[in-house]
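Report on one structure; see the data block that follows.
The values are calculated or read from the model by the stated rules, or taken from the named source; none is laboratory data. As the structure is a computational prediction, the values presented were derived from the model and not from experiment. When we count neighbours, we look across all protein chains shown, and the Cβ atoms used for this are built from the backbone with ideal geometry, even at glycine. Areas reflect the complete protein model, heavy atoms only, side chains present, ligands, DNA and RNA absent. Shrake-Rupley method; radii C 1.70, N 1.55, O 1.52, S 1.80 Å.
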Amino acid sequence: MTAQTVPTTDDSGTPQDRPRLAAAVVLAAGEGTRMRSSTPKMLHTIGGRSLLGHVLTATRELDARRTAVVVRHQAERVAEHARAIAEGVLVVEQDELPGTGAAVRSALSVLDAAAHADRAAHGVPLGQEGQVLGDGLEGAVLVVAGDLPLLDAGTLGELVASHVADGNAVTVLTTVVADPTGYGRVVREDGTGDVLKIVEHRDASAEELEVAEINTSVYVFDAGVLRAGLARITQHNAQGELYLTDVVALAREDGGQVRAIVSEDPYAVEGVNDRVQLATLGRILNDRVLEDWMRAGVTIVDPATTWVDVDVDLAPDVTILPGTQLHGATVVSAGATIGPDTTLTDVEVGEGAVVSRTHATLSVIGAGANVGPFAYLRPGSVLGEKGKIGTFVETKNAHIGAGSKVPHLSYVGDATVGEGTNIGAATVFVNYDGVHKHHTTIGSHARTGADNLFVAPVTVGDGAYTGAGSVIRQDVPAGALGVSAGAQRNIDGWVERRRPGTAAAQAAAAARGEGVEPTGDDDSSDDAVVPATEPATLTGAMPALGAQALRELAKHADAADQPRPTSPHSEALDDTFTIRTARTEGTDR
């Protein structure tokens, strides 16, 4: 039978045909006892994908007519996961017989039944009326272990192409390792180099144990050869299992050509059996992902502390600072800077945005926006172009418009904020009444005071203001000032009457010229009486600053409409820089 081909391209983009697989069988039935986990081994993750997910991603690119996943241990969990990540996959539950041979036999019976169903559904070709439908599946069948996370489609494609081109009965993917302990050994024929058999470690002779070439549990079989071999294998071995590797020797005995392709990258075909191997391959995968991105134009300052999942998309000229983790389907556009110490999961970051020391999930950060440090964006947070979410700000299900700012110490939940609005410090959007969540809307170009509470549901109109310390329970119309605080009342002499003998009482008396200087020791009762003095004025000459520091201070001074600082280190500035402060006039909110 002539193998079908599917169109593809080589590394240079040149169109070419690739043999099409009749089926791919992924073995995911193992218990993975050495993982010591309640989670099935195949569902453990590296690089943002499960072990099974990595293998199914590689096999998907081969465009097999059908893909079957064999499950057994915690079958329902593994089956549900397989169906969720691979549309149209056939899930096959292995019977009670142990071993890889039993697993593939279960899969082949389902694939054969599906092939018969296809032929029956399409009708019998003219001239073949009354003939049997055949044995079932025909063509090349890929069999691969489900715990090879670094296995790629390119390697599998080469294996399939070689199998079809050479007309092999079986083609095995192998590799050579320094310590082959525990692996099946590949025994080759002298002279031709063809594979004679694969011997499991427990069944190998002393001479065979010296072989460094090992089986990787990746094969391509002719469907007829596989079917005939599976019918003949037995459990007469050290482990009492049905070995798929026995089919290799049987194919050779029947006169079939059995060849092997050696993978030059042992990690690409290394399986995961315990947490140590999981971590090792996770690090290797991450190193390869980072190298690919750096060669594509992304700056990664410290690869050792940077983790990027395989489905993350980074544009050229993105900069990633140390301690950054990018997970899931995160997308970062050109010119953005992420980090340090930032974790983004399924987040979209616009061009030129800066995200520092931030934890964000399922959020959108607009172009030119600024987030952090120490910000927490929960699912549903959307920050518009050139907006700001600042220090110690938490958002959830909040749409914050272009140019709007939530600079610091605030919670914005279940809210819509228009464009060009400033939310004062220490603001809380009170969205939960103990039973239901409610929505708050702040209009465009509004200014809300510090320490506000917006008790949802409530709306503040465009261009409106709210006073500091207000609890806004009712709507504030556009252009209005919302204030809820009452007039301030001062109770003179309260401290000296209610807190006598304390440092605060002494300071109050001294300020009026009636008492003693405070000592700071509230427990002392025999402080010496000294004449009261005026509050000290804090005056001091700052040490000379460097030119770069002065330039930065000058920028801040210009922005705040303050006098420009001077320095002896810059001819453009005056000779001295002195700060004289008697008291603080206000705070930057």
Carbon/sulfur fraction of accessible area - region 297-480, other protein chains in place, 1.4 Å, % = 55
request  = For region 157-204, with all protein chains present and a 1.4 Å probe, just round the carbon and sulfur fraction of the accessible area to a whole percent.
outcome  = 47
remark   = If each K or R counts +1 and each D or E counts -1, the residues other than GLU351 whose Cβ falls under 14 Å of its Cβ total -3
key: Neighbourhood charge, 9 Å Cβ-Cβ cut-off, centred on ALA153 and excluding it, Lys, Arg +1 and Asp, Glu -1   = -1
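Full-extension gain between ASP152 and ILE85, please, as 0.36 nm times their residue separation minus the C-alpha to C-alpha distance.
Result: 22.4 nm gained on full extension.
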task = Could you tally the net charge around ALA24, taking each other residue with its Cβ under 12 Å from the Cβ of ALA24, Lys/Arg +1 and Asp/Glu -1?
result = +2
task = Calculate, for ASP95 and THR280, the FRET efficiency according to 1/(1 + (r/R0)^6) with r their C-beta to C-beta distance and R0 30 Å; round to the nearest 0.05.
result = 0.35
task = Mind running the shape call on region 141-240? Use the C-alpha gyration tensor, a ≥ b ≥ c as the square roots of the eigenvalues: rounded below 1.5 for a/c, prolate if a/b tops b/c, oblate otherwise.
result = rounded
Hz values of 3J(HN,Hα) by residue in region 159-172 - Karplus curve (6.51, -1.76, 1.60), Gly and Pro given as x = 5, 5, 4, 5, 4, 6, 4, 8, x, 6, 7, 9, 10, 10
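Using a probe radius of 1.4 Å on heavy atoms only, what accessible surface per residue do you get for region 297-480? Whole Å² is fine.
I get 39 Å² per residue for region 297-480.
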ask   = Taking amide hydrogens as modeled 1.01 Å from N in the peptide plane, which residues meet the under 5 Å criterion relative to THR345, leaving out close sequence neighbours?
value = HIS327, ALA360, THR361, LEU362
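Starting from the Cα-Cα distance between GLN235 and ARG295, subtract it from 0.36 nm times their residue separation and give me the gain in nm to one decimal.
Details: separation 60, 0.36 × 60 = 21.60 nm, distance 5.05 nm.
The GLN235-ARG295 span can extend by a further 16.5 nm.
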request  = Just reorder LEU56, LEU409 by solvent-accessible area, largest first, 1.4 Å probe, all chains present.
outcome  = LEU409, LEU56
query = Looking at region 412-517, which GluC sites (Glu not before Pro) are in a loop (DSSP not H, G, I, E or B) and have at most 11 other Cβ atoms within 10 Å?
reply = GLU514
message = Could you work out the relative contact order of region 297-480? I mean the mean sequence separation of Cα pairs under 8 Å and 6+ apart, divided by the number of residues, in percent.
response = 10
Nearby lysines by direct alpha-carbon distance to LYS386 (threshold 20 angstrom, same-chain neighbours under 8 apart not counted) = LYS396, LYS405, LYS555
Cα gyration tensor shape for region 297-480, rounded if a/c is under 1.5, else prolate or oblate = prolate
task = Give me the distance between the Cα centres of region 470-500 and region 221-271, rounded to whole Å.
result = 83
